[in-house]
Amino acid sequence: MTRHRLVLALCCGLLGGTAGVAFALDLPVRKAGLWELKMIRSGGQLPEMTMQHCTDETTDKDMNNMASPLAQQACSKQDIQKTATGYVSDSVCSFGGMSTTSHAEITGDFNSAYTVKTTSKVQGGAGAAAKDTAMTIEAKWLGACKADQKPGDIVMPGGMKMNVKDMNKLKNLIPGVKQ
């Protein structure tokens with residue numbers, strides 16, 4: 001996966017409980033331009049979601065620098081290994097009384113397409129029962145960013161647009177994470 005990995009995971013976690021997907025090592029940087037990210041979840045109530053993300057090398061690095069302290073505070077384990085086909089990651093993270101154990105397999109070339117397959121077990125929190133989820137992120141490069149986009153812009157379903165540089169504000173929404 002790329003440097004946007006934790007920010008994306010936090011975004012997805014805030015939307016659906018997979019915040020335990022945390023990667024903190026330097027991995028390949030995505031090709032600059034517009035990426036389509038399709039998230040397919042099973043074991044959860046959220047439908048498939050497709051987003052577009054305009055990025056460049058600087059934005060990916062900035063996102064990693066912003067996200068790393070969050071992962072260090074919230075994750076007791078962050079292990080990533082290079083494999084013959086990509087990367088494998090295992091993590092254990094805690095947010096707001098919930099503990100998430102995740103395993104991710106990351107494949108692709110980061111220039112045209114990559115895939116992240118994650119399985120997670122969430123324990124604690126409001127539901128108290130352990131819950132297993134699986135999510136696949138299929139990413140593909142679409143070309144140059146659109147004329148009205150700048151690096152960091154994410155276009156969510158329904159047309160809502162935000163910039164990852166504003167994601168720092170989301171840290172205030174995550175219980176137990178120090179500023």
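Listed values, structure above:
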| item | result |
| --- | --- |
| Candidate set from the range 104-146 (those that are touching a strand residue (DSSP E or B) at 6+ places or on another chain (Cβ under 8 Å) and more than 23 Å from M51 (Cα to Cα)); member that is surrounded by the most Cβ atoms within 10 Å (Cβ to Cβ) | V122 |
| Subset of the range 55-98 that is under 18 Å from G124 (Cα atoms), in a strand (DSSP E or B) and within 17 Å of the chain's Cα centre (by Cα) - its residue that is modelled with the lowest pLDDT | F95 |
| Number of positions in the range 99-134 that are more than 20 Å from S42 (Cβ to Cβ), at pLDDT below 90 and part of a strand (DSSP E or B) | 2 |
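The values are calculated or read from the model by the stated rules, or taken from the named source; none is laboratory data. These figures come from a predicted structure and were not determined experimentally. Cβ atoms come from the backbone with ideal geometry, glycine included; neighbour counts cover every protein chain shown.
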